[in-house]
Amino acid sequence: MTKKTIKAIDALQDAQKIAFAPFIFQTAVSLKKLGVFTQIFEKGKEGACILTLSSELALSKYGLGVLLEIAESTGMVARNESDNYELTKLGYFLNYDKTVEVNMNFTNDVCYKGLFHLTEAVKTGKPAGLKEFGDWNTIYEGLSQLDSQVQKSWFEFDHHYSDYVFSEALEVVFRDKPSMIFDIGGNTGKFALQCVEYDEAVRVKIIDLPGQLDKAVNLIRDRGFTRRISGLELNWLDDDPVIPGGADVIWMSQFLDCFSEEEILKILKICVKAMDEDSTLIINETYTDRQKFDNAKFVLEATSLYFTALANGNSKMYTSRELITLVELAGLKIVEDRKLGEFHTLLVCKKA
Ligand SMILES: C[S@@+](CC[C@H](N)C(=O)[O-])C[C@H]1O[C@@H](n2cnc3c(N)ncnc32)[C@H](O)[C@@H]1O
């Protein structure tokens, strides 16, 4: 982005908004959690006065007052001619937009406390904020032990950004009728289950850390697919990880962004060793340089800071250029590079 001309008074206002950003964020969280946004919205054009809100929501006039004052200054609510509060478009999105909700819960429940340690994380290359939750090297080692509300927000964030493209991706994955798929970083088994429902003969091996595999195994047992979906425990950060051969398709969705560039290269080279001329490796990712809208790029850049402060200290949401370079260095060639849904890109690769 080129440098824009902006009046000093506006720049100062923006600087103050950043200086008090956590206050504004927590105000939005409170207004949503306390039902104030909903209550105001339901009053429509007539709007809501503070005394009515106070009695309807059983909240003090003082508490509502401090929240609504800053909410008005930051454009979440506005006053109409009767001096009643109405919800603005910004307030509407904060309360009703599903993606904003998932991002807000992720920020509040998973990232908020850990982000306090961002400076230390950048200096040390370690996820310094993770100590707010436990004593692990990466968040993935501790994911299944996190508090249930933290897990809920983490999984909702993760699923929100990949689930909806899975059905479109299946057409590409099944084009050459694979009989064995490895789902690397298969997490709770959602993609594996879609595969076995899509094709009645295919078998899937989920490769992931023990905590996530346990969750997946339970879900797969409940759905009656234990004969066709198996699990393999593997930590890619161990000294010498190996995967078996035999996969027609190796699928990696939102997985490589959990690793540094050096680690990605190592992982891809290990996969190449397990591939033959007919195997296909498919990477599903969201790239910062492939987004149509600035707000999608912004969400990805913010997500990078979650990796820095909490997840592992050394990974990020990559540009397509960065990832394609690593794919080629690992000994793969890209045979198809296609858009998936609004935000994702599929890279279909073969051995070079
Ligand atoms: C962001 S989730 C992606 C889940 C799923 N593939 C999707 O598209 O929604 C990343 C997955 O990679 C796994 N993972 C992260 N670090 C790992 C490691 N060092 N070894 C093995 N798996 C790892 C995590 O456990 C998690 O299931």
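Results for (1) within 23 Å of CYS111 (Cα to Cα); (2) touching a residue at least 24 places away in the same chain (Cβ under 8 Å); (3) surrounded by 15 or more Cβ atoms within 10 Å (Cβ to Cβ), shown as yes or no for each residue.
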residue	(1), (2), (3)
THR5	no, no, no
LYS33	yes, no, no
SER54	no, no, yes
LEU59	no, yes, yes
GLY65	no, no, no
LEU68	no, yes, yes
THR74	yes, yes, yes
SER82	no, yes, no
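Matching residues to (1) more than 15 Å from the ligand (Cβ to nearest atom); (2) part of a loop (DSSP other than H, G, I, E, B); (3) touching a His at 6+ places or on another chain (Cβ under 9 Å); (4) among the hydroxyl-bearing types (Ser, Thr, Tyr):
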site	(1), (2), (3), (4)
LEU213	no, no, no, no
ALA216	no, no, no, no
ARG221	yes, no, no, no
GLY224	yes, yes, no, no
ASP238	no, yes, no, no
GLU262	no, no, no, no
ILE270	no, no, no, no
GLU285	no, no, yes, no
LYS292	yes, yes, no, no
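When the range 175-211 is examined, which residues are found to be of a type in the set (D, E, K, R), away from the ligand (no atom under 16 Å from the Cβ) and under 12 Å from ARG228 (Cβ atoms)?
As a first pass, look at the range 175-211 and keep what is of a type in the set (D, E, K, R): 175-177, 183, 190, 197, 199-200, 203, 205, 208.
From what's left, away from the ligand (no atom under 16 Å from the Cβ): 175-177, 197, 199-200, 203.
Within the range 175-211, GLU197, ASP199, GLU200, ARG203 meet the criteria.
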Flag for LYS333 being of a type in the set (D, E, K, R) and farther than 21 Å from ALA169 by Cβ = no
Would you please list the contacts, defined by Cβ atoms under 6 Å and residues six or more apart or on different chains, that run from a residue in the range 196-222 that is free of Cβ contacts under 8 Å to residues at least 40 places away in the same chain to a residue that is part of a helix (DSSP H, G or I) and surrounded by fewer than 20 Cβ atoms within 10 Å (Cβ to Cβ)?
-> TYR198/LEU170
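Assess whether GLY211 counts as being over 16 Å from SER279 (Cα atoms), within 26 Å of the chain's Cα centre (by Cα) and at pLDDT below 95. Outline the logic, then answer.
Working: over 16 Å from SER279 (Cα atoms): yes; within 26 Å of the chain's Cα centre (by Cα): yes; at pLDDT below 95: yes.
Spelling it out, GLY211 is indeed over 16 Å from SER279 (Cα atoms), within 26 Å of the chain's Cα centre (by Cα) and at pLDDT below 95.
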Residues located in the range 272-283, provided they are surrounded by 19 or more Cβ atoms within 10 Å (Cβ to Cβ) and assigned to a loop (DSSP other than H, G, I, E, B) | MET275, SER279
Which residue pairs have Cβ atoms closer than 9 Å, lie 6 or more positions apart in sequence or on different chains, and pair a first residue in the range 264-278 that is closer than 8 Å to LYS351 by Cα with a second residue that is at pLDDT 95 or above and basic (Lys, Arg)?
-> VAL272/LYS351; MET275/LYS350; MET275/LYS351; ASP276/LYS351; GLU277/LYS350; GLU277/LYS351
Tell me which residues, restricted to the range 247-260, are assigned to a loop (DSSP other than H, G, I, E, B) and either more than 24 Å from VAL202 (Cα to Cα) or within 8 Å of the ligand (Cβ to nearest atom) (or both).
-> GLN254, PHE255, PHE259, SER260
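The values are calculated or read from the model by the stated rules, or taken from the named source; none is laboratory data. Keep in mind that what you see is a predicted model, and the values were worked out from it rather than measured. Every residue, glycine as well, gets a Cβ built from its backbone with ideal geometry; the counts of neighbours run over all protein chains shown.
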